[in-house]
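Working notes, structure below.
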Amino acid sequence: MHEVRPPSDVNAVVGGYLRDLAFAQASPQKMYGYKRAAAAIFGLETPLTELVAADGTLPRIPGIGPGSTRVIREVLESGHSPTVEDAIGHSDRQADITRRRRLRQNVLSRAEVVRVLRDPSYGGPSSDEYRGDLQMHSEWSDGSPTVDEIADSCMARGYTYAAVTDHSHGLKIAGGMSMEEAAEQRRAIDAVNASLGGRFHLLQGVEANIDIAGALDLDDDEATTFDLVLAAPHSRLRRNDDQTHRMLAAIAHPHVRILAHPRGRISGSRAGVVADWDAVFAKAARLGVAVEIDGDPARQDLDYTLARRALAAGCIFALDSDAHTTAQLWYADIALAHARLASIPADRIVNCWPLDRLLGWLSERSGAAS
């Protein structure tokens, strides 16, 4: 097994440089162009080092123009980009670019995800052990697919179960469901399950919002109507004050089973919640609440470094896509890669459990222990 170190992810390095170059531009059009180029590099399934021909030429990559190609060549030849550093030096946004660099730490490119999943020497779960995705969104809140489309797409990925976890009614900005809408969704999910005859099981979950005091936007009676309650922070994510109390209070809620995208970070944009994470992980482990590795490429939250600390604290984990379209279900692979980099055993990952064990865990109530 590897002694896991921060991966040498050339696509992430190049993509990061292109993001820096974007923010060094005075022209909005050029900024957009370099952002698009960065996204293209982060989304490649093959490392750039494997795309370079023997004569040093690169194939045409959609979204990559001459300026971006120059940056790629520089990084491949020397590990850094004088072009980007010069642009930053002449920019009036140096402090902002430096801040954004810090906020990109431990973000994996798609090529690195593919490499980690294929390398048998890593510990942690394999794709074959992953049985179902426990965070995704449908047309009932801020997603686009129907529950039928979700079931079909998850079955196509080989899953045996999944949870639809639309936003709760308190998060209006994300189209949170009213309880009347949740009852309609329940009937739709029941119909899907009846039609599948046990070949696949769709759970009705909900992503509840954690307010600044740590309370949820669901009362106890509302929470009990769902198969699964995730709790996640969606506000006060750019503050520097300690919010440990907020996260501890959310974990102690008797119906919460998963602490979703715990920090609420967005790569290159915001750091998310500041907290004593070791204390949060210790309480989650004690109460049997799973901490999530959210695979959304912009989130990757927890990342593998914090996941290692959660593992050491005794936590169990949920690895989820946070998909809002069926095309985004592959984001679960990103969560799997972080779990493998953190060497998390499959038995500590609720998505790797058989359905009966998962349902048994969901039926437990940890209580509001302190």
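Every read-out reported here was derived from the displayed coordinates using simple, explicitly stated rules and does not represent laboratory data. Model, not experiment: these values are computed from the prediction. Every residue, glycine as well, gets a Cβ built from its backbone with ideal geometry; the counts of neighbours run over all protein chains shown.
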Report summary line: Note on the chain: contact order normalised by length, alpha-carbon pairs under 8 Å, 6 or more apart, percent, works out to 16 percent
Query raised in the report: Given the rule -39500 (n - 2.57) for each run of at least 4 DSSP H residues, summed and divided by the residues of the chain, what is its mean residue ellipticity at 222 nm, to the nearest 500 deg cm²/dmol?
Result: -12000 deg cm²/dmol
Query raised in the report: Please state the equivalent ellipsoid semi-axes for the range 258-370: what are the square roots of 5 times the Cα gyration tensor eigenvalues, largest first, in whole Å?
Result: 21, 18, 13
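Normalized C-alpha radius of gyration of the range 172-308, against 2.2 N^0.38 Å? It would help to have the intermediate numbers written out before the result.
Numbers: Rg = 16.0 Å, N = 137, 2.2 N^0.38 = 14.3 Å.
After normalising by residue count via 2.2 N^0.38 Å, the value is 1.12.
From Cα pairs below 8 angstrom and at least 6 apart in sequence, can you work out the relative contact order of the range 10-117, rounded to a whole percent?
Working: 118 pairs, mean separation 43.0, N = 108.
Result for the range 10-117 is 40 percent.
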Requested in this report: Pop a pseudo-label 7 angstrom from the Cα along the beta-carbon direction at both residue 194 and residue 245 and give the gap in nm to one decimal.
Outcome: 4.9 nm
**Report entry** Summed residue charge, Cβ within 12 Å of residue 76's Cβ, Lys/Arg positive, Asp/Glu negative
**Finding:** -1
Requested in this report: Hey, can you grab everything whose amide H is under 5 Å from the amide H of residue 177? Only 5+ residues off in sequence or another chain; H modelled, so Pro and N-termini drop out.
Outcome: 167, 168, 169
Report summary line: Mean shadow area (nm²) of the C-alpha convex hull around the chain is 18.9 nm²
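Using the per-residue mean of other Cβ atoms lying within 10 Å as a proxy for protection, in what order, highest first, do the peptides 121-131, 263-273, 51-61, 209-219 fall?
Details: 121-131: 16.5, 263-273: 20.1, 51-61: 10.4, 209-219: 18.4.
Highest to lowest by the protection proxy: 263-273, 209-219, 121-131, 51-61.
Quote the charge dipole size of the range 60-120 about the Cα centre in Debye, to the nearest 20; the model charges only the Cβ of Lys and Arg (+1) and of Asp and Glu (-1). Walk me through the numbers before you get to the answer.
Working: 12 positive and 8 negative charges, 62 e Å.
Roughly 300 debye for the range 60-120.
To the nearest 20 Debye, how big is the dipole of the chain about its Cα centre, given +1 on the beta carbon of each Lys and Arg and -1 on that of each Asp and Glu? Each step should come with its number before you reach the end.
Details: 40 positive and 50 negative charges, 252 e Å.
Dipole size: approximately 1200 debye.
Report the gain in length on full extension from residue 179 to residue 77: 0.36 nm times residue separation, minus Cα-Cα distance, nm rounded to one decimal.
Numbers: separation 102, 0.36 × 102 = 36.72 nm, distance 5.73 nm.
Value of the extension gain: 31.0 nm.
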**Report entry** the range 10-117: Rg to Rh, with Rh as the Kirkwood radius over Cα pairs
**Finding:** 0.95
Report summary line: Straight-line reach check, residue 30, cutoff 18 Å on alpha carbons, 8 or more apart in-chain or any other chain, hits among aspartates and glutamates -> 20, 85, 86, 92, 96
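Return 179, 136 ranked ascending by Cβ neighbour count within 10 Å, so the fewest neighbours appear first.
179, 136
When only Cα pairs under 8 Å and 6 or more residues apart are kept, what is the percent relative contact order across the range 250-348? Walk me through the intermediate numbers first.
On the way: 173 pairs, mean separation 26.0, N = 99.
Reported relative contact order: 26 percent.
Quick one: 80, 201, fewest Cβ neighbours within 10 Å first, how do they rank? The partial results should precede the final answer.
Numbers: 80 13, 201 20.
Listed from fewest to most nearby Cβ atoms, that is 80, 201.
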Requested in this report: Arrange the following residues from fewest to most other Cβ atoms within 10 Å of their Cβ: 173, 72.
Outcome: 173, 72
